[in-house]
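Each remark here refers to the structure printed beneath this line.
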Amino acid sequence: MKVLLVHPSPLLYSEIYLRLEPLGLEYTAEAVRRAGHEVRLLDLQIFTHRDFERELRGFQPDVVGFSVNYLANVPEVIDLAKQTKQCQPTAFVFCGGHSVSFIGEEVLEHAEGALDCVAKGEGESIIPALLENLPHVSGLPGILTADGAGPKAPLWPDLDTIPPARDLTRKRHRYFIGELDPCASIEFSRGCPWDCTFCSAWTFYNRRYRLADPERIAEEMTRIREPNVFIVDDVAFIKPEHSLAVAEALEKRGIRKRYYLETRCDVLLRNREIFAHWARLGLQYMFLGLESLDEEQLRLFRKRITPNQNFEALEVARGLGIDVAINLITDPGWDLADFQRAREWALAVPEIVHLTVATPYPGTELFHTENRQLITGDYRLFDIQHAVLPTRLPLRRFYEELVKTQSIINAKFMGWRTAVSVSRVLAGQLLRGQINFLRMLFKFPRIYRAERFYEDHFRPVRYALRQAQPSRPRPSAWDLMIHQSGHWPSMPAKTG
């Protein structure tokens with residue numbers, strides 16, 4: 001069969017700071033290809049809806065699958081599914097991915113028959129089985145149709161058996177993160193053993209944490225042409241012995257790249273010698289989710305760390321020469337004093353600070369326990385940049401303070417000042433035809449605007465998220481999880 005796999009358009013945040021290759025879709029594409037099917041992959045972060053229509057008419061796929069990892073992409077994917085059925089009435093159309101795994105029933109209702117099923121879980125095992133059983137897919141593990149849901153799918157058992165089909169992603173020079181331009185992505189591990197109330201990584205992966213073989217990782221790295229690599233793990237370097245083994249395997253092959261990763265502050269404190277080793281190997285950037293400067297808020301988030309530990313981790317990163325990007329969660333209940341406090345702290349530290357807006361996503365415990373009623377069900381606003389909960393300040397004023405705060409912080413790092421300071425980097429990129437980073441430096445004031453955020457709330461809404469009713473007691477972990485039950489790992493030891 002001919003299979004077309006599609007990644008939807010970029011979200012607001014991606015318009016500015018990054019554009020990452022669709023690694024999950026590449027894994028699924030390779031699994032489908034190894035099952036004997038002809039596969040194409042179209043990334044609408046790079047291509048357009050017109051390109052999608054041309055692909056439909058030229059390739060004439062038997063099956064079209066959409067990735068819905070982000071809630072804000074739901075309306076676009078539903079409309080594309082309807083367009084697919086109009087153009088290719090006999091095509092089997094499905095969607096899968098992280099976010100849609102938690103809201104499959106309502107997405108099927110919105111689609112009004114344009115989606116034949118929703119795949120809930122990891123694509124490597126679910127999608128080849130789906131294709132093998134077409135058109136009789138009802139009752140398969142991980143498959144939801146209008147007739148109901150099959151049993152929960154198992155987690156993919158072995159991260160080493162299926163490599164990502166990077167050869168299927170076109171215009172790879174368009175992928176970047178910050179000044180790492182161009183940038184590929186790679187996976188060392190999958191899952192997260194923590195259980196933060198605002199996060200759905202642990203509920204999707206059953207709080208399991210799986211590791212890829214270090215030698216296999218190094219072998220995959222030899223095939224990556226890009227000089228920069230984003231390590232996509234939810235929390236990198238949890239297991240020091242594994243992280244060291246990967247580093248040694250790369251060193252043995254003489255592989256030199258520049259790396260960007262995400263991790264937790266307590267993991268950095270516990271494994272600082274590992275991060276030091278990786279800094280020598282090329283680790284240049286790190287994203288740390290501090291989330292809050294307030295100890296009580298961290299407790300409510302179930303972060304299992306204190307502000308002082310977070311601040312200590314920043315000192316460790318500075319000592320290692322690793323540039324850090326910090327995330328702080330802006331609560332819609334913030335007042336003027338809260339924004340001022342965030343500005344003062346962010347300006348006092350050398351790191352870049354990003355503000356995201358607290359958002360109760362389906363799949364998170366917060367979605368079921370948040371007492372504040374949503375002020376909108378518009379999926380497009382669930383992008384951690386818009387407020388979907390009631391704001392203490394008038395909504396327009398909230399956005400004005402949010403944009404003002406982020407603009408003051410970003411003035412340290414973006415625009416002409418940064419362009420001059422990194423002129424040698426930019427010159428090298430321009431010689432290679434790379435302009436993603438240069439564009440990023442000047443996109444912020446055009447895209448990140450209070451008026452835009454506010455007006456987004458008044459767009460016509462065709463598809464709306466169902467509001468969960470706050471539940472007491474909180475839902476069980478098993479009720480939130482997507483995959484079949486398995487053993488849970490013990491929590492990593494606390495630091496401090």
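Numbers below:
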| quantity | calculated |
| --- | --- |
| Alpha-carbon centroid distance for the pair the stretch 42-57 / the stretch 90-133, whole angstrom | 20 Å |
| Shape parameters for the stretch 147-186, alpha-carbon atoms, Rg then Dmax in Å | 16.5, 48 |
| Kirkwood Rh, Cα atoms: Rg over Rh of the chain | 0.94 |
| Least to most buried among Leu336, Leu480 (fewest other Cβ within 10 Å first) | Leu336, Leu480 |
| Ranking of Ile224, Ile143 by count of other Cβ atoms within 10 Å, fewest first | Ile224, Ile143 |
| Antiparallel bridge percentage (DSSP; both residues within the chain; nearest 5) | 20 percent |
| Nonlocal amide H pairs with Leu44, under 5 Å, H built at 1.01 Å | His7 |
| The stretch 59-167 - percent relative contact order, Cα under 8 Å, separation 6 or more | 20 percent |
| Share of pairwise Cα separations in the stretch 245-284, more than 16 Å, in percent | 35 percent |
| Top positive-direction residue, dipole computed over the chain with Cβ charges, set Ala212, Leu108, Leu480 | Ala212 |
| Cα pair distances of the stretch 182-286 binned at 10 Å [whole percent] | 15, 50, 29, 6, 0 |
| The stretch 379-406 versus the stretch 134-165: alpha-carbon centroid distance in Å | 37 Å |
| Unmatched cysteines, the chain - criterion: no other Cβ of a Cys under 4.7 angstrom | Cys87, Cys95, Cys117, Cys183, Cys192, Cys265 |
| Computed [θ] at 222 nm, helices only, for the chain once each DSSP H run of length n ≥ 4 contributes -39500 (n - 2.57) | -11500 deg cm²/dmol |
| Which of Leu290, Phe398, Gln340, positive extreme of dipole for the stretch 171-480 (C-beta unit charges) | Phe398 |
| Ascending count of other beta-carbon atoms within 10 Å, so fewest first, for His136, His354, His98 | His136, His354, His98 |
| Stokes-Einstein translational diffusion, the stretch 2-149 - Kirkwood Rh over all Cα pairs, 0.692 mPa s, 37 °C, in µm²/s | 218 µm²/s |
| Electrostatic dipole magnitude of the chain [Cβ: Lys, Arg +1; Asp, Glu -1; Cα centre; debye, to 20] | 1100 debye |
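FYI, it's all coordinate maths here, none of it is from the lab. Since the model is a prediction, treat every value here as computed from it, not as a measurement. Positions of Cβ are backbone-derived with ideal geometry, glycine not excepted, and every protein chain shown enters the neighbour counts.
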